[in-house]
1. Any residue in the range 101-123 that's free of Cβ contacts under 8 Å to residues at least 40 places away in the same chain: show its pairings with residues that are β-branched (Val, Ile, Thr) and assigned to a loop (DSSP other than H, G, I, E, B) at Cβ separation under 9 Å, as long as the two are six or more apart or on different chains.
2. Looking at the range 39-72, which of the residues that are modelled with pLDDT under 95 and of a type in the set (A, V, I, L, M, F, W, C) is farthest from HIS129 (Cα to Cα)?
3. Could you list all residues from the range 56-67 that are under 13 Å from the mean Cα position of the chain (by Cα) and in contact (Cβ under 8 Å) with a residue 40 or more places away in the chain?
4. Which of the residues spanning the range 89-141 are on the phi > 0 side of the Ramachandran plot and either out of contact with any helix residue (DSSP H, G or I) (no Cβ under 8 Å at 6 or more places or on another chain) or assigned to a strand (DSSP E or B) (or both)?
5. For the subset of the range 73-96 comprising residues that are touching a Leu at 6+ places or on another chain (Cβ under 9 Å) and more than 23 Å from GLY171 (Cβ to Cβ), which member is modelled with the highest pLDDT?
6. Got at least one residue in the range 134-148 being in contact (Cβ under 8 Å) with a residue 12 or more places away in the chain, over 25 Å from ARG65 (Cβ atoms) and of a type outside the set (Lys, Arg)?
7. Quick check on my filter: what residues within the range 154-194 are of a type outside the set (Ser, Thr, Tyr), at pLDDT 90 or above and assigned to a loop (DSSP other than H, G, I, E, B)?
8. So how many residues does the range 68-96 have that are over 24 Å from VAL145 (Cα atoms) and either touching a residue at least 24 places away in the same chain (Cβ under 8 Å) or basic (Lys, Arg) (or both)?
Amino acid sequence: MSRFIPKTLKGKLALTAVALGFLALFGNPYRGETVTVATQDLAWNLQQADRLSAPELADRLISGRTDHRILDLRRAEAYAEYHVPGAESAPVGELADYPLYRNETVVLYGEDAVGTAQAWLLLQARGFHGAVLLDGGLDAWKQQVLFPALPEGSAPDVIARAKAVAEHFGGQARVGGEAVGDAPMEMPKVEAPAAVAPAARKLKRKEGC
């Protein structure tokens, strides 16, 4: 187990910051029960956290899969400006009471890696073991899905697929620094998913407990 624990001072400080931030944001996730978070356990858990790449998430969305939920942990203003299609606005400070099923896959992304790791730890503490991290966060989504940059000489089928995926989400592929197509390179408009009715949210949370 020790090989997964950062040996540098910087790594240890980063883990400590995650732990302290987790406790500061959410306090005791079990409401009244005592929870002890060991640094070694924290390091181990973060190393073992499942991750989903941006292209993998894009494939899920294109194929119409519904066996996951995407949570955008950023501020509501940032979410309104742009978010991954289908993502729900769940600011990290409100995540402790967010209604989820314990057996569903929950894809997380936020403002930064530390905040997203804190959210992942909270869900793990509450027993939501299907939580995964969007690898690279929203930046990876923009760079690998919306506006992928392919080197000169890329195979035609690779270019065609990158172009099709990007256009599906309102983006634009680039080859050798040049955009493929005529659409302007700006963030596409995305509508927020329909809000869950209060009664449904309450029932869903009860089932998830």
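The values are calculated or read from the model by the stated rules, or taken from the named source; none is laboratory data. All values reported here derive from a predicted model rather than from experimental measurement. Glycine also receives a Cβ, built like all others from the backbone with ideal geometry; neighbour counts cover every protein chain displayed.
1. TYR109/VAL84
2. ALA43
3. LEU57, ALA58
4. Selection gives GLY127 alone.
5. ALA90
6. No, that holds for no residue.
7. Passing the criteria: ALA155, PHE169, GLY170, GLY171, GLN172, ALA173.
8. So the count comes out to 4.
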